[in-house]
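First the structure, in the form of structure tokens, and then the observations on it.
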Amino acid sequence: MNAPGRRSPLAQVAVTAAVLCAGLIAIAVLTSLVGDRVFERVTTVLLISVVLTVALQLFMGNSGLSSFGHIGFMAIGAYSSLWFTLSPDEKNVTLPDMPPEWPMYGWQTPYLPAILLAGGVAALVGALLGVALVRLRGASFTIATFAFLIIVHSVALQWEPMTRGSRTVFGIPELTTIWWALGAALIAVIAALLFKESSLGLRLRAARDDEDAAASLGVHITWVRWVAWVLSVFITGAAGALWGHFITTFSPTAFYISQTFLIVAMLIIGGAGSVSGAVTGAVVVALSSEWLRRLEGWLNTQRADQTTLGQLIPIELRGFAEIVIAIAMILVLILRPSGIMGGREIGSPRFGRAVGPHPNPSPTAVGEGLPPRPAHRETPPSGGGG
Amino acid sequence: MPLLLVDGLHVRYGAIVALRGMSLTVDEGEIVGLIGVNGAGKSTTMNAIMQVVRPERGRIEYNGASLIGLAPEAIIRRGVAPVMEGRRIFPGLTVEENLKLGAAIRSDREAIRADIERWCAFFPILGERLTKPAGTLSGGQQQMLAVARALMSRPRLLLMDEPSLGLAPKLVSEVFTLIAELRDLGMTILLVEQNVRKTLDIVDRAYLVNTGRVEFAGTPDEIRQQADLEQAYLGGGREAGGGRNASPSASRLPPPASARTSIRG
Amino acid sequence: MDNLIQYLISSLSLGGLYALMTLGLVVVYGILRLINFAYGELVMVAGYGLLLFGNTTLAWPIVALLSIAVAVVAAVVMERVAFRPVRFASASTMLITSFAVSTLLQNTTLLAISPRPQAVRLPSFFVESVAIGGLRFRVVDLASLTVSIVALVLLSILLRRTTIGLALRAAADDFTMTRLLGVRANHIISAAFAISGLLAGIVAIFWVGRSSLVEPAIGLQPVLIAFIASVVGGMENLKGAVLGGYLLGFLTVGLQTWLPQALLDYRNAVLFGIVIVILLLRPEGLIRPAYSRERR
């Protein structure tokens, strides 16, 4: 792994972390200097998206497995954080169906422990599910995580005492400021970078690149995967708590397929192979989708007002942002499967070097930032030497 | 002009270099052997000719036209048919269906039917089991099916990759008898084999491959005359082994048998 | 006894539909190892075909055939535009691509047509029922039962008796070797997608017929059902897909008939819980092929 002239892994982490954190801090500080309320909301959502995407990268990037179930953990974090932040009186309003004899009815903690506890609830569910999940590979893993998303959605729609069913929960205190979101994003970025270079992260990436070889070197793959999975869903659950206490009203439909699409798109467009890719993707996609939504709104107003431009628009525009993001994502997958950042970390010695097409084109798995593997590994038949 | 020309071929799998300047020719009507230990690059050469792996550089020409960049199916359509390592028959399909698929590039139904009958006469066991799933055949019978299937496309050039691999000794002899019979039918064959002794008995010329390039080329007699090689490769028959420290030329050879790596050639 | 017959007819009708849905997903997976999330959007496309052509003066059978044709064309175009460029990429790259295609098609429909459910003009037999031997059956149930069985038989003949069917079965077993016999990869894959679109189109007619409505998300439920049934039956195995589909049909009708309402609300959760358990215990599905071997 160590190319000549490469910095030590920790120094590398420090450089990358410094650049990424400086960028995020700059975004937050500039936003607060502008002092525009709408702008501040956009930046806060952006920072929470960074947390979610980095958490997803921590698992997908290092393990090479695709999860479509993370938004389920975000839902668990968002709903369970209500146990900890709402007073019993507030619970009567927000979760009117929760029986007072339930233990969590009486719980109330300050915000920080509430976030951690919400992450903990998600991690607990994730840990149990993970015991089973980490044994699966490839498409089976993805279908199982998707099945989990559907289970969470279906339970959230029905479990009225906990979630108010399909109706919207409201009256949640707005505790998440831009600084909470910034703090969470910085912690997530640093944690993901440290994890990547930790011995666990290295072993996980070794198993991603060649499971058999890693196993022969004594890497206990399922255990390593499980740790990454639990850490990743913990951060996702905490991000759910932050999001819930920012948006203050939500229903189960907020945590379903379109939200899953959005964070997967952020990660793929930025590049699943690196934390820098996750951050870049989250920022680029969050900003462009906000910009596209505004453009859509503006065009619709033009149309309603029957201006010269408006008359050119035959239909009311909806879901315009999703369409553009989906096209961008497909183009990235086809033309540059390792994303904007090409699987590299900002500040790494190889960063910035032109990444030309490989002379020997072969599959590049999502999450791989390493040289591609042979196009066809011929498996010897039984009885074959080799 | 040779029917098949391979020149200066380089292939790598990620960090592993499998071929470094492989070159060979096959003329019409010839049967040419490609011999060497496991991992020498024989099968990679096969796969590169079929464009199942894409070479980094080098030339592959068939009948004067380059094969580089073509899809595997386009190469078959030019008259090259491979018998891949490990037979690769379709076990769930019947023997007859396997043979029909071998004629996928042809549309002359009557002639296809006639060819199936012809090869069933050639390999009576296939005729007997025509409607049985190919997975029920024994290893040697599956090898015959793989060969017959390749012949169904009426190729000008037949590539055979380790047809004797994994077969019982008696069946190995049968397979070589079959190849000799094909030679007598006038087929052009490139035969990739580890079984050096039996290969040299039936080929017109052979290439000794080592670490991704040709180490020595010549007629079977010329190869047999290389005393070093006799010792290094032929001493142990199928399994290469034995004294290899006799001469400078032999010392360039890789450690046989004991040091076989997992790098597949 | 009467109840049992009613149950059998309902289950066979729903199960047949589920079997077609599942086959449409598995026929592509078997060859490309692509789990096509955008399969549901083929159902959606055919559903909107019913809406658009239904508003013309065309006779209904022609409307239905045109709608199926639209799904076939959409499937082939989808493969050509989105999946062919990533064909030799990793399974997860293809999976994510199909997820993006699904979102793209759904949102395009939402933008171009309407986010709201729209009523589709259907022939009257979709709501009629007939009495046979003292029992009343919905005509649409009998129709979907018959159509699904006919479609399965025809598909089986196509796979067994035709050259392209033979190539499809071979490619599902060993794609590279099939190409090494000269079968064109693009032909097989286009054929697999065309079959997938055909099945989605047939499914769409009865699926839309159940509610008489189309909406952009109408394909979600069919694709989820196909996921479950294919996992149950084994992703690589067409017979398994059919059995998985029928099994799920019987299970669904059974649960609906006999499960208390309180538990019925959690039906999706229970079904997908079963999926995870099966993936763990029998990753190859409940039905294993007779001659399985290592995938190349």
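A short reminder: the numbers here are calculations on the coordinates, not readings from a lab. Source: prediction; values computed, not measured. Note that we place each Cβ from the backbone using ideal geometry, even for glycine, and neighbour counts take in every protein chain shown.
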Per-pair calculated FRET efficiency, R0 = 30 Å: B:ARG113 and B:ARG77 via Cβ, rounded to 0.05 = 0.90
note = For B:VAL83, the residues 5 or more places away or on another chain with a placed amide H closer than 5 Å to its own amide H are B:LEU159, B:MET160, B:ASP161
key: Karplus-derived HN-Hα couplings along the stretch C:157-172 (A = 6.51, B = -1.76, C = 1.60, θ = phi - 60°), whole Hz, x at Gly and Pro   = 5, 4, 6, 8, 9, 9, 5, 5, x, 4, 4, 5, 5, 5, 5, 5
ask   = Counting only the backbone N, which residues of the stretch A:223-251 are under 19 Å from the spot 7 Å out from the Cα of A:VAL42 toward its beta-carbon?
value = A:247
query = If you place +1 on the Cβ of every Lys and Arg, -1 on the Cβ of every Asp and Glu, and leave all else neutral, what size is the dipole of chain B about its Cα centre, to the nearest 20 Debye?
reply = 740 debye
query = Is there a simple number for the mean count of other chain Cβ atoms within 10 Å of the Cβ of residues in B:72-82, and what is it?
reply = 4
message = Just to be sure I understand the model, the point goes 7 Å from the Cα along the line to the Cβ. What's the resulting A:ILE340 to A:ARG137 distance in nm?
response = 3.3 nm
0 to 90° range, to nearest 10: angle between helix A:70-85 axis and chain A longest Cα axis = 40 degrees
message = For the stretch A:9-255, what does the convex hull of the Cα positions come to per residue, in cubic angstrom?
response = 120 Å³
ask   = By its C-alpha gyration tensor, with a ≥ b ≥ c as the square roots of the eigenvalues, how is the stretch B:108-171 shaped: rounded for a/c under 1.5, else prolate for a/b larger than b/c, else oblate?
value = oblate
query = Hey, what did the stretch A:89-195 get for relative contact order, percent, Cα under 8 Å, at least 6 apart?
reply = 37 percent
query = Points 7 angstrom from Cα along the Cβ direction at B:ALA168 and A:GLN311: gap in nanometres?
reply = 8.9 nm
ask   = What whole number of Å gives the distance from the Cα centroid of the stretch A:1-70 to the Cα centroid of the stretch C:49-102?
value = 37 Å
query = Which of the peptides C:151-160, A:249-258, C:128-137 is most tightly packed, and how do the rest follow, judged by the mean count of other Cβ atoms within 10 Å per residue?
reply = A:249-258, C:151-160, C:128-137
ask   = For C:ALA112 and C:VAL277 in the same chain, what is the full-extension length gain: residue separation times 0.36 nm, less their Cα-Cα distance, in nm?
value = 55.4 nm
ask   = Efficiency by 1/(1 + (r/R0)^6): what FRET value for C:VAL77 and A:TRP298, r their Cβ-Cβ distance, R0 = 30 Å, to the nearest 0.05?
value = 0.40
task = Please average, across the residues of C:18-25, the number of beta carbons from any other chain that are within 10 Å of each residue's own beta carbon, and give a whole number.
result = 0
ask   = Given +1 on the Cβ of Lys and Arg, -1 on the Cβ of Asp and Glu, and no further charges, what dipole in debye does the stretch C:1-143 carry about its Cα centre, rounded to the nearest 20?
value = 320 debye
ask   = So how far, in whole Å, is the C-alpha centre of the stretch B:1-70 from the one of the stretch A:266-333?
value = 49 Å
ask   = Which whole number gives the average, over all residues in A:134-140, of C-beta atoms from other chains lying within 10 Å of the residue C-beta?
value = 5
task = Quick one: work out Rg over Rh on the C-alpha atoms of the protein assembly as shown, Rh as Kirkwood radius.
result = 1.01
Size of electric dipole in the protein assembly as shown: Cβ of Lys, Arg +1 and of Asp, Glu -1, about Cα centre, debye, nearest 20 = 740 debye
key: Estimated distance in nm for a label pair at C:THR163 and C:ALA69, the labels positioned 7 Å out from Cα along Cα-to-Cβ   = 2.5 nm
task = May I ask for the angle, rounded to the nearest 10°, between helix A:199-209 and the longest principal axis of chain A, with both axes built from Cα atoms and the value confined to 0 to 90°?
result = 70 degrees
ask   = Of the listed peptides A:143-150, A:162-169, what is their order by residue-averaged count of other C-beta atoms within 10 Å, with the highest listed first?
value = A:143-150, A:162-169
ask   = Under the definition of Cα pairs under 8 Å and six or more residues apart, what whole-number percent is the relative contact order of chain B?
value = 27 percent
Cα lying deepest toward the dipole's positive end in the stretch A:122-236, options A:ALA191, A:VAL131, A:SER154, charges on Cβ = A:SER154
ask   = Based on the Cβ-Cβ distance from B:GLN225 to A:LEU128, what FRET efficiency comes out when R0 is 56 Å, to the nearest 0.05?
value = 0.20
request  = Please work out the C-alpha center-to-center distance from the stretch A:174-209 to the stretch C:180-221 and express it in whole Å.
outcome  = 41 Å
